[in-house]
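Novice: Submitted below is the structure of interest, expressed as structure tokens.
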Amino acid sequence: MSDNLAKASRHVSFLRGRERWKSAEIAFWLTLVGVYFVFPSSLVFASQILITGLFALSLDMILGYAGIVTLGHAAFFGIGAYTAGLMAAHGWHDPFLGLLVAGVTAGIAGYLCSFLLSKGGDLTRLMITLGIGLLLYEVVNSATKYTGGVDGLQGVEIGKLFGVFGFDLYGKTAYIYVLIISFLLFVFTRSMMNSPYGLALRSIRENQTRALAIGIPISACLTNIYSIAAVIAGIAGALLTQTTQFVGIDVLSFQRSADLLLILIIGGTATMYGGFVGAVVFLLAQNWLSNLNPQYWQFFLGILLIVMTLYLRGGILGGFSRLVNLFRHWRNKEHS
Amino acid sequence: MNAILQTRDLWKAFGGLIVTKNVNLSLAPGARHALIGPNGAGKTTLINQLTGVLRPSSGSVWLDGEEITRIPANERVCRGLSRTFQINTLFPQLTPLEAVTNAICVRERTRLNILKRRFFRVSRRSAVIDEAYALLEQLNLAQDCLVETHTLAYGKQRLLEMALALATKPKVLLLDEPAAGVPEGESDELFEVLNTLPKEISILLIEHDMNLVFNFADRITVLVNGEELVTGTPSEIVEDPRVREVYLGKGH
């Protein structure tokens, strides 16, 4: 094997280098572990950031990698959140079972919706996803008897993890739980995006006509990734339910879908980490700006968004990688 | 008939407009067949019916003895019918190496189980990557295979068009104006590549550049108003008075 590695030609090692775990990635996850020790009083907020990041990762799979635009991704987050909530409120208290069922339910919903999206352009997709989101919101809103409507779902009781670790008031268990689940799903997504399947997806985003002409079954691929993204969004929703022991109807709101799009674009699409970075920046900014001015904080967010789209293409991570390249270029010049 | 690619009584109409009129095209294995005709003769529409982008109104398309009229476009590629595009249709943000590797992975996907296809890194398919690199090298793209496609010079992008089509290991290759837009000085590279394509690949060439057509093709079909005017060897075509009339107008 080592012999093989040594002999690997330049072009193979080029691809290998792209797929390798970078030190910045390891640092990122270690930082998240560090948060547990450094900010013990903000773990509830930190969990929310992570959940939002995971949710944004699921959007990145379809928007960043496969190129499907959507304004209704909260539908799957909400389905997951309500599934986990309803289960916990009706006697199934085990968190892992809740995650599993929530993921599967959201996945099935995603699979069914995907057939509406496999054909048609961006505008069609925006309208259809928007429609699905609004529709689901009203269904949940009107089924007050089961969902609590605008008052939210009460009586969500989550059991202990493995029957040992209970969810505490400071969100310590919750943070560790969310971190581990997010990391596992991240590794799952990462390896999928670096596989031949992920390459095929990116090529669909780049050019559908050509993707079809080299034999990629486009509709099948899109149906597939849309369902998988729905599973992950559903699990993210279930995590929110389980860590807050409550489901508010805002999990399904249009605002959540729109915010998610902002988060991913601020962070950077098709970078794997854009969702997490965007979630950190967005939620911290939201927290900070709304403290400065509770009524008009979105004013500043608007400015930030316009400036970023105009001058920072590829989001924060896109800008960051350009900086790194610039620095490398400069250093190479110094050396030569 | 042991034609590798064949159409039988192919018709295509958009409303009242007939764009393909009873076309019976037949490609022998190993053929170098050119399809020419004035603008609007329906050449591209015909290609689109062969590749499955358009469904013919009636008639059938056959590949290597099997009817493929109702088979979806991507499945036709797997069966060995591949094409290039008149206008560069590439993956701008992928490197040529990734693009060609992708095409080969798609071709070979039935050999990998779902786990390997979905979760194993692309770089573990070193045999595939080596094959992709060899193909790029053959098309003089080795130097440029690690930069993003959109940064390549136009002529290089034309070559990549060809590389992507060849990566699918086609039995039949449809070349839709491969030299379109390439300045005269740079087209030599392209012609050379065309001439070195293996004989096992049957080629249908659509081209406006008559120089290229007459150098390359052993059979030529002239298409006019969606209808096959004449099919024959290059010398038969040159001497055919009807062809002269179409291209030069009456009175010549």
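Novice: What does the accessible area of A:TRP29 come to, in Å² to the nearest 10, when a probe of 1.4 Å is used?
Specialist: Probe radius 1.4 Å; accessible area of A:TRP29 about 20 Å².
Novice: Taking the Cα-to-Cβ direction at A:TYR311 and at A:LEU123 and moving 7 Å from each Cα, how far apart do the two end points lie in nm?
Specialist: With each label point 7 Å from Cα toward Cβ, the separation is 3.2 nm.
Novice: Relative to the compact globular guide of 2.2 N^0.38 Å, what is the alpha carbon radius of gyration of the protein assembly as shown, as a ratio?
Specialist: 1.14
Novice: Kindly sort B:VAL213, A:VAL280, B:VAL53, A:VAL69 by accessible area of their heavy atoms, largest first, with the probe set to 1.4 Å.
Specialist: Of B:VAL213, A:VAL280, B:VAL53, A:VAL69, the descending order of accessible area is B:VAL53, A:VAL280, A:VAL69, B:VAL213.
Novice: Using the Kyte-Doolittle scale, which helices in chain A average at least -1.0 and also have C-alpha atoms spread 27 Å or more along the helix axis, with helices defined as whole DSSP H runs?
Specialist: In chain A, the long hydrophobic H runs are A:95-117, A:122-142, A:172-193, A:218-244, A:315-335.
Novice: Along the Cα→Cβ direction, 7 angstrom out, place labels at A:GLU19 and A:LEU135. What is the inter-label distance in nm?
Specialist: 3.9 nm
Novice: Tell me, what is the per residue accessible area of the range A:23-281 in Å², probe radius 1.4 Å?
Specialist: Result: 38 Å² of accessible area for each residue.
Novice: Here's another thing I want to ask about it. By how many nm would the segment from A:PHE183 to A:SER219 grow when fully extended, if each residue of separation counts as 0.36 nm and the alpha-carbon distance is taken off?
Specialist: That works out to 10.0 nm of additional length.
Novice: Can you list, largest first and rounded to whole Å, the semi-axes you get for the range A:23-281 by taking the square root of 5 times each eigenvalue of its Cα gyration tensor?
Specialist: After scaling each eigenvalue by five and taking roots: 29, 23, 15 Å.
Novice: Connecting C-alpha atoms closer than 10 Å in a GNM of chain A, tell me which of A:ASP94, A:ASP259, A:ASP151 has the biggest fluctuation.
Specialist: Result: A:ASP151 has the largest fluctuation of those listed.
Novice: For peptide A:199-209, what's the mean number of Cβ atoms from other chains within 10 Å of each residue's Cβ?
Specialist: Per-residue shielding by partner chains comes out at 6.
Novice: With all protein chains present and a 1.4 Å probe, how do B:GLU137, A:GLU206 order by accessible area, largest first?
Specialist: Order by accessible area, largest first: B:GLU137, A:GLU206.
Novice: Now a separate question. How crowded by other chains is B:128-141, given as the mean number of beta carbons from other chains within 10 Å of each beta carbon?
Specialist: 2
Novice: Hey, another quick one. How much accessible surface does B:CYS145 have with a 1.4 Å probe, in Å² rounded to 10?
Specialist: That residue has around 0 Å² of solvent-accessible surface.
Novice: What aspartates and glutamates could a cross-link reach from A:LYS172, if we take a straight Cα to Cα line under 20 Å and drop same-chain neighbours fewer than 8 places away?
Specialist: Here the aspartates and glutamates satisfying the reach criterion relative to A:LYS172 are A:ASP94, A:GLU157.
Novice: A further question follows. Count the DSSP beta bridges whose two residues both fall in the protein assembly as shown, then state the antiparallel fraction as a percent rounded to the nearest 5.
Specialist: Around 55 percent of the beta bridges assigned by DSSP in the protein assembly as shown are antiparallel ones.
Novice: Right, next: Sorted by accessible area (1.4 Å probe), largest first, how do A:ARG20, B:ARG117 line up?
Specialist: A:ARG20, B:ARG117
Novice: Further question: Can you send over the solvent-accessible area of B:THR44, 1.4 Å probe, protein chains only, in Å² to the nearest 10?
Specialist: 60 Å²
Novice: What pairs in A:LYS119/B:LYS43; B:LYS116/B:LYS156; B:LYS169/B:LYS199 have C-alpha atoms more than 21 Å from each other?
Specialist: From the list (A:LYS119/B:LYS43; B:LYS116/B:LYS156; B:LYS169/B:LYS199), the Cα-Cα distance tops 21 Å for A:LYS119/B:LYS43; B:LYS116/B:LYS156.
Novice: Relative contact order for the range A:195-290: what is it in percent, counting Cα pairs under 8 Å that are at least 6 residues apart?
Specialist: 12 percent.
Novice: While we're looking at this one, here's another question. Quick check: pseudo-label points 7 Å beyond the Cα along Cα→Cβ at B:GLU184 and B:ASN113, how many nm apart are they?
Specialist: Inter-label distance under the simple model: 6.0 nm.
The values are calculated or read from the model by the stated rules, or taken from the named source; none is laboratory data. The model shown is predicted, which means the values in this text are computed figures rather than measured ones. Neighbour counts are summed over all protein chains in view; Cβ atoms, including those assigned to glycine, are modelled from backbone coordinates with ideal geometry. Calculation scope for accessible area: heavy atoms of the full protein, side chains included, ligands and nucleic acids excluded. Shrake-Rupley method; radii C 1.70, N 1.55, O 1.52, S 1.80 Å.
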